[in-house]
Amino acid sequence: NAGVMQNPRHLVRRRGQEARLRCSPMKGHSHVYWYRQLPEEGLKFMVYLQKENIIDESGMPKERFSAEFPKEGPSILRIQQVVRGDSAAYFCASSPSGFQYFGPGTRLTVT
Amino acid sequence: QQPVQSPQAVILREGEDAVINCSSSKALYSVHWYRQKHGEAPVFLMILLKGGEQKGHDKISASFNEKKQQSSLYLTASQLSYSGTYFCGTENTNAGKSTFGDGTTLTVKP
């Protein structure tokens, strides 16, 4: 049973470009979470999704950030017009309920 | 509401014990613990549900006190491999999102 998959593992974008981060949950898991982690800091919740539904997006910045979890395919976190402050590790986690299994993360660097 | 972890950091010698605490200002449904090594993803350790149970595997165990709204992680006879940052995640209901504490950095020295 494959774990949570994220790609790309590393992503470099220039300021103003778009970043698309993908997350494939573990088989059978219908809950997906996205977190952002700055160096030497904790995990900051961004958004919680179930298939085709955003359950809680209280941690998402109001502008430039969006997330989806379509019926088919991976969950996508999209960051438009990236700025240097968006540089961070972005982790997704999937869950059958309660505890979560984390993917390896995508390290976004904005130059 | 983000849970509060204490201490923020702890340094141990191999073989020593440590306790990491996680407290919430709200009633808890579940608490889960993770360990993250530098540059890696968090790894799930265990989950504790309402009922005050204590869980453990190997020399790492945890307790959950519903009344006090807190959980403690116990690391016994620490090994070098225990080094990392430990996060607690909490849920207030059985259908809500998890909220993580800021982490406790554990360093085990030879």
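Summary table
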quantity	calculated
Only listed residue being out of contact with any Leu (no Cβ under 8 Å at 6 or more places or on another chain) and touching a residue at least 60 places away in the same chain (Cβ under 8 Å), chosen from A:V4, A:V82	A:V4
Positions within the range B:5-55 being modelled with pLDDT of 90 or more and among the charged types (D, E, K, R), in sequence order	B:R13, B:E14, B:E16, B:D17, B:R35, B:K37, B:E40
Strands (runs of 3 or more DSSP E) completely within the range A:48-106 that count 2 or more residues being closer than 23 Å to B:T99 by Cβ and at pLDDT 95 or above	A:65-68, A:75-79, A:88-95
Verdict on A:A19 being within 13 Å of another protein chain (Cβ to nearest Cβ), surrounded by 16 or more Cβ atoms within 10 Å (Cβ to Cβ) and of a type outside the set (S, T, Y)	no
Meets criteria (over 10 Å from the mean Cα position of the chain (by Cα) and closer than 22 Å to A:G59 by Cβ) for B:Q1	yes
Any hit, the range A:61-77, residues being surrounded by 13 or more Cβ atoms within 10 Å (Cβ to Cβ) and of a type in the set (D, E)	yes
Given (1) more than 9 Å from every other protein chain (Cβ to nearest Cβ); (2) surrounded by fewer than 21 Cβ atoms within 10 Å (Cβ to Cβ); (3) modelled with pLDDT of 90 or more, index of the condition A:Q37 fails	(1)
Filter result (in contact with a strand residue (DSSP E or B) (Cβ under 7 Å, 6 or more places away or on another chain), more than 8 Å from chain A (Cβ to nearest Cβ) and not hydrophobic (A, V, I, L, M, F, W, C)) within the range B:86-110	B:Y86, B:T90, B:T104, B:T105, B:T107, B:K109
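The values are calculated or read from the model by the stated rules, or taken from the named source; none is laboratory data. Computed from a predicted model, the values in this text were never measured in an experiment. Cβ: placed from backbone, ideal geometry, glycine included. Neighbour counts: every protein chain shown.
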